[in-house]
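Asks: First the structure, which I've put down as C-alpha cells, then a few questions once you've had a look.
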Number of protein chains: 2
Amino acid sequence: MAKNKIKPRILPGFMELLPREQILFNSMYDTIREVYESFGFLPLDTPVIELSETLLAKAGGETEKQIYRFSKGDTDLSLRFDLTVPLARYVAEHSADLAFPFKRYQMSKVYRGERPQKGRFREFYQCDIDVIGNEELDLTYDAEMPAVIYNVFKRLDFGEFVIKINNRKLLNGFFEELNLSDKIGDILRNIDKIDKIGKSALIEELNEIIGDECAINKIIEFISIEGSSDEKLESLKNMSVSNKKFEEGLTELENVIIYLRKFGIEEDCFEIDLKIARGLDYYTGTVYETVLKDYPGLGSVCSGGRYDNLTEYYTNKKLPGIGISIGLTRLFSQLITEKIISPATGSIAKILVLPMQSDMEYTIKVADMLRKNNIPTDVYYSQKAIKHKMKYADRLGVPFVVVIGDDELAAGEATLKNMTTGIQTTVKLEDLISEYKKQIGE
Amino acid sequence: MAKNKIKPRILPGFMELLPREQILFNSMYDTIREVYESFGFLPLDTPVIELSETLLAKAGGETEKQIYRFSKGDTDLSLRFDLTVPLARYVAEHSADLAFPFKRYQMSKVYRGERPQKGRFREFYQCDIDVIGNEELDLTYDAEMPAVIYNVFKRLDFGEFVIKINNRKLLNGFFEELNLSDKIGDILRNIDKIDKIGKSALIEELNEIIGDECAINKIIEFISIEGSSDEKLESLKNMSVSNKKFEEGLTELENVIIYLRKFGIEEDCFEIDLKIARGLDYYTGTVYETVLKDYPGLGSVCSGGRYDNLTEYYTNKKLPGIGISIGLTRLFSQLITEKIISPATGSIAKILVLPMQSDMEYTIKVADMLRKNNIPTDVYYSQKAIKHKMKYADRLGVPFVVVIGDDELAAGEATLKNMTTGIQTTVKLEDLISEYKKQIGE
C-alpha cells in the first residue's frame, strides 16, 4: 500500500553539514581539543538532559524562556543551555573524587530555543575550559587562560587576533568610588556604543543616566585611556582612585599582564580593554574577549573570565573558578559565510582504490596495505563503468586514486594518480607507499 | 540571603563518568573513530532534536513509547532514538549532494526514555557506519563491514572475538519453503532459547506453534548444521531446499565468506550462525552479530546488516544499504562492571610541573617547552605546601612530575620524577625531553 512520503527536513536554527564541511568542522574541533589537552585539561561529558530544578537553579529571564523543558512521566526535565551549570552540578556532586584545582574541558552541544536568526543557533557546540579551585585559585591561572586561547587561535590560523583583558574588580571599584554601583549595567551598555555614536553623544546619554558632570568626566577619562598595556596600567595608577576594590583589580590586572609575557604571548596578541565587562552578575575578576583582527565584525570569538563561586546553588563549599568558551557552531558558520574558510577539498580517505577488473583479491590487498601504513583508504567495489568510478572519485574529492587494471594485476603493480595534477605513476606494489609519501612531500 | 541548596544529582539511566573513566571511554571512542576513518567513512553530525513526524515516520510499538517527545511553541519535537532514522532523513534530503555509495559514520548520543535497569541507558552513544547505494550496492560491502568490525576489536584488544554471519534471504526462503513465513518471528524466538532449554524442549515448543513433524525435523536439521564455514555451506547446499530466495541467500553467504578471507580476516574470527536474524522487519540480506569469546554474557557487542531501502518513508528513490552499530555506552559500562577494563591510571597530562619556589617564569618556560614537544603538560601554580603539591600529583595520576626547586632554577636544570618507580633524575633543561623520552622507552 502506498504511504504518503514525509518531507525530509531539519528544524530551522539547527546546523547540519555536508560531509566536506563536516570534515572541516571536525578538524577545528580536534585542534581545539588537542590544545586543551596539551594544557592537561580533563575531559567531561555530562548528560544533555538534566532535572529542571538542577539547570534552573540560577537561570532566569531570557535563558529560562529559551530553555527546552518537558516532562517524562512525573519528571520535570530540561536540555542544558550551557556547559557551566552542568559543570557546577558535577563539581558539587563529585568534589570528593576530584583533584583541585580541577581543570576540565567539555566540547558538547547545548540547546536554546530562541528565535532563529542569522548566526544564532538552537543547537550549538560550546568548547569550554574551566579551572576550579578549592576555597582559592592562584592568579597565574588568569594568565594560563589567554595562553590557551593564544595557542588555539595560532593553530586555527585565521590571521591576527587580540585577546582583550579587563578586570571586574577594577571596573566595580571605579564605579563604586563614583557612587554609581547601581547604574553599572546602564552605563556599560552605553559605553559599549561609543564606537558607533561617538564621544559627545555618549556624554549626552550618560548625562541622562547620571546627571553628575564630575562623574561623567571621570568616566570619559577612564575609557579614554590609551597606549600600550604598560601605559594603560600607568594611566590607571595616575587616576588615583582611592578604592580598595579598584586597587585590588589594578594589581591583579598588572600581574596577569606580567604572567602573560612569561607565557610567551606576543605583545600584539593581547591588550587591556577597559570597556569589556561580560556577564554582569557572574564574573568577579579577570574577564576576556577575543577578536580576529581581520574580521572584527564577528565579535568576540572566545570569551570568559573569573567567578567567585561556581557551586553556590548546590553546596556551601567555596569554589572559585576561571573559564573561557568558544562558541564553535557560530564561529564556524560565520567563517564559512564570510568565506574566511572553505570546505576541505579532500575526503576522509586520502586514497581511493579503483579496481578496473573483477578480481577483488588484489584490490583488497592493496587497500589493506595502505591502511596498515596509516593511510585512510576507500575502495569503490561496485562493478560499474569507468566513468562512474572516476565520477565517484571526483565527487568524493579524494586527493589520490590508485588504479588496479588488468596490467597492474598481472605485473603486481599499481597506478597512483594525483587528482590535483592528473599525473599518473605506475609502480611496483612494494613501492606504492614510498611513491605516495614522495608525492605528498613526506 | 541564604537560599535553599539544590541537591546536585543526575537522572537515573544516564551515564556520567569521573575524569579517569572518561579518559578511558574517550580512548575507546577515538579508536573506533580512527578505524572507521581508515576505511574512508565520512563524518556526520545530525541534530539531536528533530520533528516528530520525521523521527516517527517508521517507529511504532516500544520505540514510540520510549521516545522523548515534547512541544516548543506549536512544533512537535522529539529527541532521536537511533542514528539510522536521521541518516535516512539526511540521505533523502541531501542525495543530490552526496557521492554514492555514500559511506558515513556517526558516533553520537541517542535517547530512549525506557525504565532504567542494569546495562540499559536513557542516553547512550551509538557508533554507526553505513554504506548507502543508489539503486544497488555491491556484495563486497557485505564483507567490508566485518573487516571494519575485525579491525575495531583487534585494536580495542578485549581478547578473542567472533563475528557471526547469517543471511535473511536464506532464512526467509527456508521458512517460505516450509510454508511458515507468517510464523518466522515466533519460531526464531524459540530457536534462540535452544542453548537454555535444550533440543527436546525446543521441539515441544515448535510443535505447539507448527504442529507439523516433517517441518520441525527440517528446522532441527537446519539449526543443527555444524562444522567449519565451508562445511556449513556444504550442508546447506545438501539440504536441497528448492526455493529461489534460499538459493540467492546461500550464494550471497558463500560469496561473503570468500570475500571475508580476501580481507585477511582470520578463520577463527568469523562463523556462519544460522540462528541470528536481527530486527525482523528491517534487515533483508546479510546480518551480523559480534561476540567476545571470553565474555559471551555481554551478548552481541556489534550488530547490523543489509536493508533494501533506507529512505522509503521520505522518497521514492531506492537506496539499499548495509550498516553496523556499536552501543558504546552499554559496552563500556559492561566492560567496567565485569572488570575487563579499568580506568586509566594516567591523566591527560603526561607531565605535571611542580614549582617549589615562587618564580613562575622558569616554570612556565619548562611547561611551554614540553608542550612544544607534544607532551601534554599541567602546572600546579598554587602557592601551597609541598605535601599539597604531591597530593595533587597523586590524585591526578600523572605518570611523571618535573620538580623546579631553587637548585634547579639556579642551575638551569629540572628534576624528572617517575611516579611509578619513584626514581628522580636531575638533568640540564636542554636534556629534559630526551631524558623523558628515554624513560618512556621512545
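The values are calculated or read from the model by the stated rules, or taken from the named source; none is laboratory data. Bear in mind that the values here come from a model prediction, so they are computed numbers and not experimental data. When we count neighbours, we look across all protein chains shown, and the Cβ atoms used for this are built from the backbone with ideal geometry, even at glycine.
Asks: From the list B:Leu188, B:Leu236, pick out the single residue that is touching a residue at least 60 places away in the same chain (Cβ under 8 Å) and under 15 Å from B:Ile276 (Cα atoms).
Replies: Within the list B:Leu188, B:Leu236, the selection yields B:Leu188.
Asks: Determine if segment A:239-256 includes at least one residue that is modelled with pLDDT under 95 and either assigned to a helix (DSSP H, G or I) or closer than 14 Å to A:Leu274 by Cα (or both).
Replies: yes
Asks: Please go through segment A:397-438 and give me each residue that is under 16 Å from A:Gly346 (Cβ atoms) and in a helix (DSSP H, G or I), ordered by number.
Replies: Correct list: A:Tyr436 only.
Asks: Also, quick follow-up: Go over the candidates B:Leu77, B:Leu18, B:Leu42 one by one and state the one that is within 9 Å of chain A (Cβ to nearest Cβ), touching a residue at least 24 places away in the same chain (Cβ under 8 Å) and in contact with a His (Cβ under 9 Å, 6 or more places away or on another chain).
Replies: None of the others qualify; the one that does is B:Leu18.
Asks: Could you say which residue among B:Leu44, B:Leu55 is buried (at least 20 other Cβ atoms within 10 Å of the Cβ) and modelled with pLDDT under 95?
Replies: Only one candidate passes the filter, namely B:Leu55.
Asks: Within segment A:45-61, track down each residue that is touching a residue at least 24 places away in the same chain (Cβ under 8 Å) and more than 9 Å from chain B (Cβ to nearest Cβ).
Replies: Those that are touching a residue at least 24 places away in the same chain (Cβ under 8 Å) and more than 9 Å from chain B (Cβ to nearest Cβ): A:Ser52, A:Leu55, A:Lys58, A:Ala59.
Asks: Which one of these is touching a residue at least 40 places away in the same chain (Cβ under 8 Å) and either assigned by TED's automatic domain parsing to the domain that holds A:Leu253 or closer than 19 Å to B:Tyr380 by Cβ (or both): A:Glu135, A:Glu123, A:Glu93, A:Glu114?
Replies: A:Glu135
Asks: Something else about it: Against the conditions (1) closer than 25 Å to A:Leu319 by Cβ; (2) of a type in the set (D, E, K, R); (3) touching a residue at least 12 places away in the same chain (Cβ under 8 Å), where does A:Glu64 fall short? Just the number, please.
Replies: The failed condition is (3).
Asks: So for segment B:404-416 (the condition being charged (D, E, K, R), within 13 Å of chain A (Cβ to nearest Cβ) and crowded, with 16+ Cβ neighbours inside 10 Å), does at least one residue qualify?
Replies: No, that holds for no residue.
Asks: Collect the residues in segment A:348-372 that are outside any loop (DSSP other than H, G, I, E, B), hydrophobic (A, V, I, L, M, F, W, C), farther than 20 Å from B:Tyr105 by Cβ and more than 9 Å from chain B (Cβ to nearest Cβ), keeping them in residue-number order.
Replies: Once the filter is applied, which keeps residues that are outside any loop (DSSP other than H, G, I, E, B), hydrophobic (A, V, I, L, M, F, W, C), farther than 20 Å from B:Tyr105 by Cβ and more than 9 Å from chain B (Cβ to nearest Cβ), segment A:348-372 yields A:Leu354, A:Val366, A:Met369.
Asks: Still on this model: Does B:Arg69 satisfy being in contact with a strand residue (DSSP E or B) (Cβ under 8 Å, 6 or more places away or on another chain) and under 30 Å from A:Leu396 (Cα atoms)?
Replies: no
Asks: Then there is this: Among A:Tyr282, A:Tyr288, A:Tyr313, which is the only one that is surrounded by fewer than 24 Cβ atoms within 10 Å (Cβ to Cβ) and touching a helix residue (DSSP H, G or I) at 6+ places or on another chain (Cβ under 8 Å)?
Replies: Residue meeting the stated conditions: A:Tyr313.
Residue by residue, here is whether (1) farther than 17 Å from B:Glu289 by Cβ; (2) over 23 Å from the mean Cα position of the chain (by Cα); (3) within 14 Å of chain A (Cβ to nearest Cβ) holds:
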residue	(1), (2), (3)
B:Arg104	yes, no, yes
B:Gly113	yes, no, yes
B:Glu123	yes, no, yes
B:Asp142	no, no, yes
B:Val148	no, no, yes
B:Phe153	no, no, no
B:Asn166	no, no, no
B:Lys169	yes, yes, no
B:Ile197	yes, yes, no
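Asks: Take A:Tyr381 and tell me if it is farther than 19 Å from A:Glu430 by Cβ, touching a helix residue (DSSP H, G or I) at 6+ places or on another chain (Cβ under 6 Å) and of a type in the set (Ser, Thr, Tyr).
Replies: yes
Asks: Just a yes or no: is a residue in segment A:381-397 surrounded by fewer than 19 Cβ atoms within 10 Å (Cβ to Cβ) and within 25 Å of B:Thr31 (Cβ to Cβ)?
Replies: no
Asks: Take the residues of segment B:379-396 that are modelled with pLDDT of 90 or more and part of a loop (DSSP other than H, G, I, E, B): which is nearest to B:Gly422 (Cα to Cα)?
Replies: Taking the candidates together, the pick is B:Tyr380.
Asks: Here's something else I'd like to know. Which number in (1) buried (at least 20 other Cβ atoms within 10 Å of the Cβ); (2) farther than 17 Å from A:Ser325 by Cβ marks the one condition that A:Arg115 misses?
Replies: (1)
Asks: Just to be sure before I move on: is A:Ile375 within 36 Å of the chain's Cα centre (by Cα), crowded, with 17+ Cβ neighbours inside 10 Å and within 11 Å of chain B (Cβ to nearest Cβ) in the structure I sent?
Replies: So A:Ile375 fits the description; yes.
Asks: A further question follows. Among the residues of segment B:265-279, write down those that are more than 14 Å from every other protein chain (Cβ to nearest Cβ) and either surrounded by fewer than 20 Cβ atoms within 10 Å (Cβ to Cβ) or over 16 Å from B:Ala147 (Cβ atoms) (or both).
Replies: Correct list: B:Glu267, B:Asp268, B:Cys269, B:Glu271, B:Ile272, B:Asp273, B:Leu274, B:Lys275, B:Ile276, B:Ala277, B:Arg278, B:Gly279.
Asks: In the list B:Lys218, B:Lys262, which residue meets the criterion of being of a type in the set (D, E, K, R), crowded, with 16+ Cβ neighbours inside 10 Å and within 14 Å of chain A (Cβ to nearest Cβ)?
Replies: From the options B:Lys218, B:Lys262, the qualifying one is B:Lys262.
Asks: Now, a different point. Condition check: of a type in the set (Phe, Trp, Tyr), within 24 Å of B:Tyr29 (Cα to Cα) and part of a helix (DSSP H, G or I). Does B:Tyr141 satisfy that?
Replies: Yes, satisfied.
Asks: Looking at (1) modelled with pLDDT of 95 or more; (2) surrounded by fewer than 22 Cβ atoms within 10 Å (Cβ to Cβ); (3) within 7 Å of another protein chain (Cβ to nearest Cβ), which one does A:Ala92 not meet, given that it meets all the others?
Replies: (2)
Asks: Next question. Please find, within segment B:284-326, the residue that is nearest to the other protein chains (Cβ to nearest Cβ) out of those that are among the aromatic types (Phe, Trp, Tyr) and under 19 Å from the mean Cα position of the chain (by Cα).
Replies: Restricting to residues being among the aromatic types (Phe, Trp, Tyr) and under 19 Å from the mean Cα position of the chain (by Cα), the top hit is B:Tyr288.
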